[in-house]
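K.L.:
One structure is given below, represented as C-alpha cells, and several questions about it will come after.
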Amino acid sequence: MRFLVAIILTCLRGSQSGEIFHVPLNGDGSISLNWLLDYPSQSVTFEVHIPGDFGWFAIGFSDRGGHFPADYCLLWKNIKKKIQFEDTWADTRGIIRGDKHQDCQNFKIRRSKNVTKFAFRRKFDTCDFEDYVIEDGTTHIVWARGANPLYKLAGLNISSPEKEQGMVRVQLLKNTNVEAILPNYVQTLDVFAHEVKVPEQETTYWCHVHKLGEEFLRKHHVYRYEAHISSSSEGLVHHMEVFHCVAPPDQQIPLYVGNCFAEERPKETQVCKRVLAAWAMGAPPFTYPEEAGLPLGGPEFSPYVMLEVHYNNPEHRTGLVDSSGIRFHVSSRLKKMDAGVIELGLEYTDKMAIPPNQEAFPLTGYCVSECTAVSLPPEGITIFGSQLHTHLTGIKVYTRHIRDGIELRELNRDDHYSTHFQEIRRLKKPVKVLPGDALVTRCYYNTEDRENITLGGFSITDEMCVNYIHYFPSTQLEVCKSAISDQALSTYFNYMKEWEGQKISPHNGISDNYKSIKWNKMRVQLLTDVYHEAPLSMQCNMSSGDRFPGYWENTPITPILTPLPPPPRTC
C-alpha cells in the first residue's frame, strides 16, 4: 500500500489520521479497497486495486447493496485510451448519469506490475443530493466493471447482465482511538475452523464446537480478539462469531463440526448462544479498555465454546479449504474489573410480531428506568461496545438513552443494518448509564417477500431485536428487555375478533391468533399503534435468570419529554 501512503503525504498532510483499513471486494481478492479516515476534515481517502487491464470501473455506495440506484466514482478509458475519472450516479434503471457537483476529488492513478491502483478523496457528507452520506454503522460498497473502453460515459447501463458486479458491507467510519499495545504476559487462544471444505453454494454457516484447555479452570481475562483469515479465504469469510455454551461446568457438549442448520447438529449445542466475540469483513481487532476484560474460564465456567463462520461464495467456487477463526489474547493476570454484557431490546417471544408485505415495520424494546434503578450500582456503568442483532428481515437498528425524560446522545445506530454483517463495535465515545436511566432499542424490518406474519423467537425465520452492550464494571443485570403486556395483547386480539371479524380464539396460542389475521393497511397501523402505546411486560433479569425485585407486568413505557434533535449538517 505504498501508493496510498504517498497519497496520504500529499493529500492529508497535517491530518490526525493513521491506520489504513482494507477489505477485499471479490472472492479471490484481486479487487480490493483500502481507506484512511481523516476525522478533522470529515473526509476519507480511498485506494482501489484492480487487475491491470480495464475498460471502466465504478465503485460507490447504495442504501441496501443494490447496484442501482447508487452513487459512484467511475474510472474509464475513452476510445483513445485517455483515462478519465468522474463523480456519477446510477438512476433507478441503472443508467449512469454525470453529477453536476464533482465530489470524487484528488484523483491519482498508477500501474504496478499487473495491478492498477487509483486513489481519491471524498467528504463524509458532500451536501449533494445525488451523493450518498457516509455515516456511522454499515456501508454497502458496490462496484461494477467492463472490459472495453467507452465512446462516452453518458448512457452506460450498469444493470446490463454482462457487467461484472459485486458488493461488500463494511463499517467505514471506524473507531481510530483504540489502545494498540498489549502487555508481554498476554497469551493467545485460537478458536479456528479446521480444513473446512467450503460448499459451492452462495451462503454457508459452519459451526465448530471447541473445548477449552485445563488452564481455563482458572479465570482469565480477554484483552483483545481478532480475526485470523486463511490466505486463500480473504474474500470468502464474511463474518464470524464465537459463542459460549451456557451450561453447568461438568456438562458434556458434543464437539460438533458441520453446517449450523443441519438436522444432525446435536440439540445439546443449542446452548452455545452467548456471544463472546463477533467479527465482520473489514473489522479491526477488538480491544478491551484498560479498566476491564471479558472473563473467560473459572471453576463455574463451562469449558465449551462454538465458532460460527459465515462463508459467502457468490461465484460458487469449488475446491476451497478454510481454517479461519478468532484469535483471543488472554491472561490469567486479571484487570481491575470484569467487563459484562447486557441484552437490551425485545424478549424472545411470539408476543411481538411483524405483519407481511412491510417495507419498514418498527418494533421497540425498552430497558425502563425502574429496572436500572434497582439493578445498577450508584456510580452507574460505562458502556464501551455494542453489537446490534436481528434475524433475516432487520434493516435498521438504534438505541436511545433517556435520563429524567431528556434524551441524551444515542448509544449506537445503524441505518443500513444487515443481519449478514454483525460485529461488536467499540463506541467512539463511552456512554455512562446511571441508575434510573432508560435505554430504548428500536428495530425496523422489511417483510415484503413474506406472505404471513413474522413472529418473534429463536428460529432464523423468526425475528429478534437486540443490542448486546459491553460495559464495566460487571453487575448482576444481564437482561433488560420488554414485550407487550399479556393483558394488552389479549385486549388487542379481542378487538380483532369482535370488531374486525378475524378468526381469533382464546383456545389458540399467540402464534396461531397472529397467523389467523388477514392483514390490510388499517390492521397493520392498528398493531403499530398498540405496540407504541401499550404497557410492557418486562424482563429485568439477573445472570441467574431470576428477576430483580419488583412488579414487572403492565409497566408503563418510559416517556421521552425532550427528544434529541437531528444531527446538524454543515451544508
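K.L.:
Look through Gly385, Gly380, Gly340, Gly325 and report the one residue that is closer than 24 Å to Leu561 by Cα and either out of contact with any Cys (no Cβ under 9 Å at 6 or more places or on another chain) or at pLDDT 95 or above (or both).
P.N.:
One residue alone meets the criteria, Gly380.
K.L.:
To continue, here is another question. For Gly385, state whether it is open to solvent by less than 30 Å² (accessible area, probe 1.4 Å) and in a loop (DSSP other than H, G, I, E, B).
P.N.:
It is false that Gly385 is open to solvent by less than 30 Å² (accessible area, probe 1.4 Å) and in a loop (DSSP other than H, G, I, E, B).
K.L.:
Given the options Ser474, Ser516, name the one that is farther than 27 Å from Glu343 by Cβ and open to solvent by 30 Å² or more (accessible area, probe 1.4 Å).
P.N.:
Unique residue meeting the criteria: Ser516.
K.L.:
Which residues, taken from segment 241-299, are in a loop (DSSP other than H, G, I, E, B), open to solvent by less than 20 Å² (accessible area, probe 1.4 Å) and β-branched (Val, Ile, Thr)?
P.N.:
The one that is in a loop (DSSP other than H, G, I, E, B), open to solvent by less than 20 Å² (accessible area, probe 1.4 Å) and β-branched (Val, Ile, Thr): Ile253.
K.L.:
Is it the case that some residue within segment 160-169 is surrounded by 15 or more Cβ atoms within 10 Å (Cβ to Cβ), assigned to a loop (DSSP other than H, G, I, E, B), of a type outside the set (Phe, Trp, Tyr) and at pLDDT 90 or above?
P.N.:
Narrowing segment 160-169 to residues surrounded by 15 or more Cβ atoms within 10 Å (Cβ to Cβ): 163, 165-169.
When the remaining residues are screened for being assigned to a loop (DSSP other than H, G, I, E, B), the result is 163.
Filter again for of a type outside the set (Phe, Trp, Tyr), leaving 163.
Those still in the list that are at pLDDT 90 or above too: none.
No, every residue in segment 160-169 fails to be surrounded by 15 or more Cβ atoms within 10 Å (Cβ to Cβ), assigned to a loop (DSSP other than H, G, I, E, B), of a type outside the set (Phe, Trp, Tyr) and at pLDDT 90 or above.
K.L.:
Among the residues of segment 182-202, write down those that are open to solvent by 90 Å² or more (accessible area, probe 1.4 Å) and over 26 Å from the mean Cα position of the chain (by Cα).
P.N.:
Selection gives Asn184, Gln187, Glu195, Lys197.
K.L.:
Filter segment 352-368 for residues that are of a type outside the set (Ser, Thr, Tyr) and open to solvent by 20 Å² or more (accessible area, probe 1.4 Å); which is nearest to Arg547 (Cα to Cα)? Walk me through how you get there before you give the answer.
P.N.:
Residues of segment 352-368 that are of a type outside the set (Ser, Thr, Tyr), as a first pass: 352-363, 365, 367-368.
Now narrow it down to the ones that are open to solvent by 20 Å² or more (accessible area, probe 1.4 Å): 357-360, 362.
Numbers: Asn357: 37, Gln358: 35, Glu359: 36, Ala360: 33, Pro362: 27 Å.
So the residue we want is Pro362.
K.L.:
Being in contact with a strand residue (DSSP E or B) (Cβ under 8 Å, 6 or more places away or on another chain) and without any contact (Cβ under 8 Å) to a residue 60 or more places away in the chain is true for just one of Pro535, Pro506. Which residue is that?
P.N.:
The conditions single out Pro535.
K.L.:
OK, next. If you check Pro435 against the conditions, is it touching a helix residue (DSSP H, G or I) at 6+ places or on another chain (Cβ under 8 Å) and open to solvent by 30 Å² or more (accessible area, probe 1.4 Å)?
P.N.:
Here the answer is yes, as Pro435 does meet what is asked.
K.L.:
Hey, can you tell me all the residues within segment 410-432 that are crowded, with 17+ Cβ neighbours inside 10 Å, part of a loop (DSSP other than H, G, I, E, B) and acidic (Asp, Glu)?
P.N.:
Within segment 410-432, Glu423 is the sole residue that qualifies.
K.L.:
Residue pairs, Cβ under 8 Å, 6 or more apart or interchain, first in segment 185-213 and among the basic types (Lys, Arg), second loosely packed, with under 15 Cβ neighbours inside 10 Å. List them.
P.N.:
Lys197/Val321; Lys211/Leu255
K.L.:
What is the number of the single condition among (1) under 25 Å from Lys428 (Cβ atoms); (2) open to solvent by less than 20 Å² (accessible area, probe 1.4 Å) that Arg121 does not meet?
P.N.:
Result: Arg121 passes all but (2).
K.L.:
Can you name the residue in segment 300-318 that is among the hydroxyl-bearing types (Ser, Thr, Tyr) and closer than 29 Å to His140 by Cβ and, of all such residues, is least open to solvent (accessible area, probe 1.4 Å)?
P.N.:
So the residue we want is Tyr311.
K.L.:
Sticking with this structure for a sec: Counting just the residues of segment 82-109 that are charged (D, E, K, R) and without any contact (Cβ under 8 Å) to a residue 60 or more places away in the chain, which one comes out surrounded by the most Cβ atoms within 10 Å (Cβ to Cβ)?
P.N.:
Here the residue is Asp87.
K.L.:
So which of Asp462, Asp486 ends up being touching a residue at least 24 places away in the same chain (Cβ under 8 Å) and crowded, with 19+ Cβ neighbours inside 10 Å?
P.N.:
The unique qualifying residue is Asp462.
The values are calculated or read from the model by the stated rules, or taken from the named source; none is laboratory data. This one's a predicted model, so the numbers in the text were calculated from it and none came from an experiment. FYI the Cβ positions are ideal-geometry reconstructions off the backbone, even for glycines, and counts take in every protein chain you see. The area values use the complete protein model at the heavy-atom level, side chains included, leaving out ligands, DNA and RNA. Shrake-Rupley method; radii C 1.70, N 1.55, O 1.52, S 1.80 Å.
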